[in-house]
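A short worksheet on the structure shown next.
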Amino acid sequence: MNPAPIAVALDAPDLETAARWATLVTPHVSTVKVGLELYLRYGPDVVASVRGASGVQVFLDLKLHDIPATVAGAARAVARLKPAYLTVHATGGSAMIRAAAEAAPNTKIAAVTVLTSLADGDLTSVGLAGPAPDAVRRLSSLAVEAGAQALVCSPMEAAAVRAEVGPDVTLITPGVRPTGAATQDQARVATPEEALSSGADLLVIGRPITAAPDPGAAAAGIAASLRRTRGIA
């Protein structure tokens, strides 16, 4: 049985908890995601700890955003950890994205378009022309032309982004919440089934799995639901 196209966000308070969560969910999901807080606290060792012996894909979500030379150096430094994905901010521009892609050729550079915590009013306040779907499409096109092989967008924009960039780019969607789960700090959300039907390839799900009494069972339940939706046994 193939693992579900889910990246579990390991937003844990310590390395031991993150590793335990990873062990519980990896039979059911394809990917685990290491965010900025965990990486800054424990450094490169966190990647080996959550990968374990399972060989699960690691999504290194550092959202790099700096001048091209600095981002290239950072991407080169983490490429030795062999993450499947490394995030950069699309708003860093073409040269920055290209620098990251060239520095980490065996990692998919995933360009973050518009954070799922931002609504249209937030875009106006930071000087980014909206509405959000238009900003996401513009940034997606720019990033792919610069060498990004994956894009991070909300499920609400996935269908439009897919139409914009074609079938070969991996679409990663945070802001995925099973029916009945709290939206917390996400402004643009969808259920896992809605996200997949909109064209997403990899669903980022955190607290609905990791805050459950049994994270492994929660991951298994969502994975089973996705298989039913796709008609896969």
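The values are calculated or read from the model by the stated rules, or taken from the named source; none is laboratory data. Being a predicted model, the structure only gives us computed values, none of them experimental. Every residue, glycine as well, gets a Cβ built from its backbone with ideal geometry; the counts of neighbours run over all protein chains shown.
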- Message: Of the residues Leu10, Leu40, only one is of a type outside the set (Asp, Glu) and touching a Phe, Trp or Tyr at 6+ places or on another chain (Cβ under 6 Å); which?
- Response: Leu10
- Would you be able to tell me the number of residues in the stretch 1-47 that are among the small types (Gly, Ala, Ser) and within 24 Å of Thr170 (Cα to Cα)? 6
- Query: How many of the residues in the stretch 92-135 are among the hydroxyl-bearing types (Ser, Thr, Tyr), over 21 Å from Val204 (Cα atoms) and touching a residue at least 12 places away in the same chain (Cβ under 8 Å)?
  - Reply: 1
- Message: Please go through the stretch 134-173 and give me each residue that is in contact with a Ser or Thr (Cβ under 7 Å, 6 or more places away or on another chain) and of a type in the set (Ser, Thr, Tyr), ordered by number.
- Response: Ser140, Ser154, Thr173
- Being under 20 Å from the mean Cα position of the chain (by Cα) and either assigned to a helix (DSSP H, G or I) or among the polar types (S, T, N, Q) (or both) is the filter here, so list the residues in the stretch 104-133 that pass it. Asn106, Thr107, Thr113, Thr116, Ser117, Ala132, Pro133
- For the stretch 84-112, what are the residues that are surrounded by fewer than 24 Cβ atoms within 10 Å (Cβ to Cβ) and within 17 Å of Leu36 (Cα to Cα)? Ala84, Tyr85, His89
- Limited to the stretch 147-182, what total is found for residues that are in contact with a strand residue (DSSP E or B) (Cβ under 8 Å, 6 or more places away or on another chain), at pLDDT 90 or above and outside any helix (DSSP H, G or I)? 11
- Task: Using the structure shown, decide if Ala12 is outside any loop (DSSP other than H, G, I, E, B) and among the small types (Gly, Ala, Ser).
- Result: no
